Amino acid sequence: MKILEFIQSIFVPRYMVIHRKMKLIFGLIILVLASLIMSIPSSIYLNKMKYKELESQSGYDILKYVDDNSTNTNNEFTSDELDKYNLVRFSDIKALNLVINNTDGIMNTDKGVIDAKEYVLKAIKPIYDEDGSHVNDEISYIHIVFDFTSDDDKTYDIAEDFNKLANLEENRFGHYLLMFTDKALYFKMDATKFALPNLSYYKKVEFNFNEMENAGVISDLISDTYVPALHFTYRMVSLLFVGLFSLVISMLFSFILRDTGQLKGIKEYINFAAIATIPFVLFAFLFSFIAYPFCVLLFKWYAAFFGIYLFILVIIVNRRPRIEDLKNNE
């Protein structure tokens, strides 16, 4: 009987109010835990899709179109390209025997490379029509820079050395910057903004260029470096939408409705919102695994959906007589 009453107090609106007098700290803990739970589906999808979706959306899948052994005539270096850029094959990058890793926050690297020197890779991306027929090739240039000097003595100036590069055909910029420093890496895909933030090296990721089969491996490693930052972002966004929003909207309801129903005072409204969050998050959590679009929809619009849901519950419970704890009703 006690178990049934507890379940009712979680899922049945008119019984939820029995938790209104619990200590406020418990309500806040519920909101924080609900926030963490709501971020789990997005993190799981991210781990599954990082090499496909993350790379194509962020642009650094361009590294997978670098091919030393391509028979495509566009892959050859023209005299004009050689005059403009320090073009190399990926095999030349491998020959640097460079290893970049992070051990306990301390950067480890082979200092044999020349700081601020550009190694430019040529990427040939095939363009297909709606029927899947190859119609053209899109040529891009990836400027790889290793700059391990101190922050006060940077020798590669992004604004001067990269942003001012001339556009390619059809007014397309066509240049990408992959810059490794002693603290972080940068990926830049145009002259105005970073496609990715500067990423601190994830200690489990190692860029061992000598052992890479091809340049595409770099894009996978960038994903591995970027994913921990995204997991943290998901948790913070979830804490904002699930925890903080629930807290703010419940306080707003308490000021507007005041003592007009069963709920009285800020504490009771916050505790009620915390209890109401439990079934809502559980259902949202389960529905998120139906398909990735559902997960995106629920994660993006959680605050709006929950605001409507909580408003309906508040109206329902405030229209009924004040129900005291079940123990007092036995």
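Sequence-distant or interchain residues sharing an amide H contact under 5 Å with Asn208, placed H: which?
Ile100
With contacts defined as alpha carbon pairs under 8 Å and 6 or more residues apart, what's the relative contact order of the chain in percent?
Across the chain, relative contact order equals 26 percent.
Return one whole number: the accessible area per residue of the chain in Å², for a 1.4 Å probe.
Ligands and nucleic acids excluded, the result is 54 Å² per residue.
Counting only residues 5 or more places away or on other chains, whose amide H sits under 5 Å from the amide H of Ile144 once H atoms are built in the peptide plane?
Sorted by chain and number, the residues that satisfy this are Tyr119, Val120, Leu121, Leu178.
Separation between the Leu33 and Asp92 pseudo-spin-labels, each 7 Å from Cα along Cα→Cβ, expressed in nm?
The two pseudo-label positions are separated by 5.9 nm.
If I stretch the segment between Glu5 and Thr78 completely, what's the gain in nm (0.36 nm per residue apart, minus their alpha carbon distance), one decimal?
Taking Glu5 through Thr78 to full extension adds about 18.5 nm, to one decimal.
So between Leu297 and Met22, what do we pick up on full extension, going 0.36 nm a residue minus the alpha carbon distance?
Working: separation 275, 0.36 × 275 = 99.00 nm, distance 3.27 nm.
Going from the current span to full extension adds 95.7 nm.
Could you give the nm distance between label points at Arg172 and Leu286, where each point is 7 Å from its Cα heading toward the beta carbon?
With each label placed 7 Å out from Cα toward Cβ, I get 4.8 nm.
Whole-Hz ³J(HN,Hα) for each residue in the stretch 117-130, computed from phi via Karplus 6.51 cos²θ - 1.76 cosθ + 1.60 with θ = phi - 60°, x for glycine and proline: what do you get?
Going residue by residue, I get 7, 8, 10, 9, 9, 9, 10, 10, 9, x, 10, 10, 8, 5 Hz, with x marking Gly and Pro.
Have a look at Ile139, Leu221, Asn69 and report the one farthest towards the positive end of the charge dipole of the chain, computed about the Cα centre with Cβ charges (Lys/Arg +1, Asp/Glu -1).
The residue sitting farthest along the positive end of the dipole is Leu221.
Cα convex hull of the chain: mean projected area in nm², to one decimal?
23.9 nm²
When DSSP assigns beta bridges and you keep just the ones with both residues in the chain, what percent turn out antiparallel, to the nearest 5?
Rounded to the nearest five, the antiparallel share is 75 percent.
Give me the Å³ per residue figure for the convex hull around the C-alpha atoms of the stretch 1-80.
It comes to 190 Å³ per residue, whole-number rounded.
If R0 is 35 Å, what FRET efficiency do you get for Val99 and Met236 from their C-beta distance, rounded to 0.05?
0.60
Through the Karplus equation 6.51 cos²θ - 1.76 cosθ + 1.60, θ set to phi - 60°, convert the phi angles of the stretch 286-301 into ³J(HN,Hα) values in whole Hz; use x for Gly and Pro.
Running phi through 6.51 cos²θ - 1.76 cosθ + 1.60 with θ = phi - 60° gives 5, 5, 5, 8, 5, 6, 4, x, 5, 4, 4, 4, 5, 5, 6, 10 Hz.
Given a Förster distance of 41 angstrom, what is the FRET efficiency for Lys164 paired with Ile266, based on the Cβ-Cβ distance and rounded to 0.05? Write down the numbers at each step before the final one.
On the way: r = 56 Å, r/R0 = 1.37.
It comes out at approximately 0.15.
Can you give the extra length, in nm with one decimal, that the chain gains between Ile127 and Glu213 once fully stretched, where that is 0.36 nm per residue apart less the Cα-Cα distance?
Here the answer is 28.5 nm.
Any idea how far apart Ser70 and Ile312 come out in nm if each label point goes 7 Å out from Cα toward Cβ?
5.4 nm
Among Gly174, Gly265, Gly132, whose mean-square fluctuation peaks in a Gaussian network model of the chain (Cα, cutoff 10 Å)?
Gly132
Calculated from DSSP H runs of 4 or more alone, at -39500 (n - 2.57) each and per residue, what is the 222 nm mean residue ellipticity of the chain, nearest 500?
For the chain, the value works out to -14000 deg cm²/dmol.
Using modelled amide H (1.01 Å from N, peptide plane; none on Pro or chain starts), what sits under 5 Å from the amide H of Asp137, excluding residues fewer than 5 places away?
So Asp137 has HN proximity to Ile127.
The values are calculated or read from the model by the stated rules, or taken from the named source; none is laboratory data. Everything quoted here is computed from the prediction, not taken from an experiment. Every residue, glycine as well, gets a Cβ built from its backbone with ideal geometry; the counts of neighbours run over all protein chains shown. Protein only, heavy atoms only, side chains kept; ligands, DNA and RNA dropped before computing areas. Shrake-Rupley method; radii C 1.70, N 1.55, O 1.52, S 1.80 Å.
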